[in-house]
1. Part of a loop (DSSP other than H, G, I, E, B), in contact (Cβ under 8 Å) with a residue 12 or more places away in the chain and under 22 Å from residue 78 (Cβ atoms): is that true of residue 233 in this structure?
2. Among the residues that make up region 56-63, is at least one of them more than 16 Å from residue 213 (Cβ to Cβ), over 15 Å from the mean Cα position of the chain (by Cα) and within 16 Å of the ligand (Cβ to nearest atom)?
3. Might you check whether a residue that is part of a strand (DSSP E or B) and not assigned by TED's automatic domain parsing to the domain that holds residue 335 occurs anywhere in region 148-164?
4. Does region 100-133 hold any residues that are in contact (Cβ under 8 Å) with a residue 40 or more places away in the chain and surrounded by fewer than 20 Cβ atoms within 10 Å (Cβ to Cβ), and which are they?
5. Within region 8-39, count every residue that is over 32 Å from the mean Cα position of the chain (by Cα) and not in a loop (DSSP other than H, G, I, E, B).
6. How about region 200-235: which of its residues are within 16 Å of the ligand (Cβ to nearest atom) and within 23 Å of residue 17 (Cβ to Cβ)?
7. Taking the condition assigned to a loop (DSSP other than H, G, I, E, B), at pLDDT 95 or above, within 14 Å of the ligand (Cβ to nearest atom) and surrounded by fewer than 19 Cβ atoms within 10 Å (Cβ to Cβ), does residue 197 pass?
8. Of all residues in region 64-94 being at pLDDT 95 or above and assigned to a loop (DSSP other than H, G, I, E, B), which is nearest to the ligand (Cβ to nearest atom)?
Ligand SMILES: Cc1ncc(COP(=O)(O)O)c(C=O)c1O
């Protein structure tokens with residue numbers, strides 16, 4: 001139940017990848033038939049990724065994952081402004097791949113506005129509009145949040161950006177395979193994708209770059225990926241990404257309804273059996289697989305360990321911040337009080353979870369929390 005951290009690779013994805021480790025091992029830049037076989041596979045994977053998000057094949061740049069896509073999308077636009085002080089707008093609840101990129105850009109002289117979110121984790125559109133300046137070059141706001149699953153008003157933001165001629169990037173790492181993601185419907189110029197969150201392999205991802213967007217490379221080399229991401233392509237990983245994106249699009253309706261059913265059942269069972277609990281994020285504008293709960297007077301880490309002993313994997317806050325034991329920035333941003341923040345769990349469901357597992361989880365949670373509360377000095 002920690003699918004927002006990563007997912008198992010789908011057997012169909014593994015089957016698609018396997019030949020590209022051994023008999024079809026060519027380098028797609030080679031002119032002989034081994035190379036051309038790899039080049040053809042690369043172009044088929046590109047088409048699959050493009051089709052799954054309503055893009056054209058030549059608008060897809062393969063990367064090593066969500067982090068690199070976010071870096072390329074944001075820094076690639078800002079490089080244009082070398083020598084000038086550019087302004088970027090983002091939100092306070094972005095993933096570190098975006099936030100730390102923005103902090104770096106501030107350190108080299110650019111200016112960043114971090115727009116707040118309300119107590120349900122939704123960005124304030126009026127505040128975003130009010131923060132647009134003459135020199136705003138880019139807006140980057142995530143499609144769905146990795147901790148509390150809130151879905152942002154991307155169409156509203158893209159309209160604002162378009163009216164002012166500002167590029168708009170969104171991180172769709174958590175939304176793909178859970179809610180519809182179509183680059184034209186969303187109206188974005190740049191969109192980040194990661195394979196391992198959607199039952200594909202780790203170390204593969206893509207950046208959608210709308211035709212006409214002036215993007216600069218962050219690395220220099222042999223000219224692959226239209227010079228925007230040079231280096232010999234990770235063909236097995238890219239094939240896996242293509243297959244995972246294809247499957248995510250094919251299964252979207254079925255999987256999202258199924259996961260929402262599991263999610264709603266878990267929430268209902270938790271609220272029926274445990275006191276002093278709150279659901280973080282938005283009641284409706286949330287990912288179908290996300291349940292973020294805060295239990296008063298319990299430590300998240302203790303819950304995590306006790307659930308782990310029962311064979312259940314969850315996360316406290318986000319997987320990235322959970323090692324640091326710092327209070328979650330996202331939960332702080334929605335105004336949650338410290339006694340609730342410390343007792344927070346992110347439960348992120350997947351298509352292979354079952355209703356029996358939901359029942360087991362609800363029972364384990366009730367037992368774990370009552371034991372911890374009995375022991376707690378709080
Ligand atoms: C919203 C979001 N963006 C970016 C990333 C980073 O993706 P990757 O692990 O592929 O680098 C993650 C991973 O947790 C994420 O949840």
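The values are calculated or read from the model by the stated rules, or taken from the named source; none is laboratory data. Just so you know, these numbers come straight off a predicted model, no measurement behind them. Note: ideal-geometry Cβ built from the backbone for every residue, glycine included; neighbour counts use all protein chains shown.
1. On the way: part of a loop (DSSP other than H, G, I, E, B): yes; in contact (Cβ under 8 Å) with a residue 12 or more places away in the chain: yes; under 22 Å from residue 78 (Cβ atoms): no.
Criteria not met by residue 233.
2. Among the residues of region 56-63, at least one is more than 16 Å from residue 213 (Cβ to Cβ), over 15 Å from the mean Cα position of the chain (by Cα) and within 16 Å of the ligand (Cβ to nearest atom), which makes the answer yes.
3. Step one: of region 148-164, the residues part of a strand (DSSP E or B) are 150-151.
Next, from what is left, pick out any that are not assigned by TED's automatic domain parsing to the domain that holds residue 335: 150-151.
Checked against the condition, which is being part of a strand (DSSP E or B) and not assigned by TED's automatic domain parsing to the domain that holds residue 335, region 148-164 yields at least one hit.
4. So the first thing to find is which residues in region 100-133 are in contact (Cβ under 8 Å) with a residue 40 or more places away in the chain, and the list is 116-122, 131-133.
Within region 100-133, 116, 118, 119, 120, 122, 131, 132, 133 meet the criteria.
5. Going through region 8-39, the residues over 32 Å from the mean Cα position of the chain (by Cα) turn out to be 23, 30-36.
Now restrict to residues that are not in a loop (DSSP other than H, G, I, E, B): 33-36.
Selection size over region 8-39: 4.
6. 200, 201, 202, 203, 204, 205, 206, 207, 208, 229, 234
7. Values: assigned to a loop (DSSP other than H, G, I, E, B): yes; at pLDDT 95 or above: yes; within 14 Å of the ligand (Cβ to nearest atom): yes; surrounded by fewer than 19 Cβ atoms within 10 Å (Cβ to Cβ): no.
No: the conditions fail for residue 197.
8. 65
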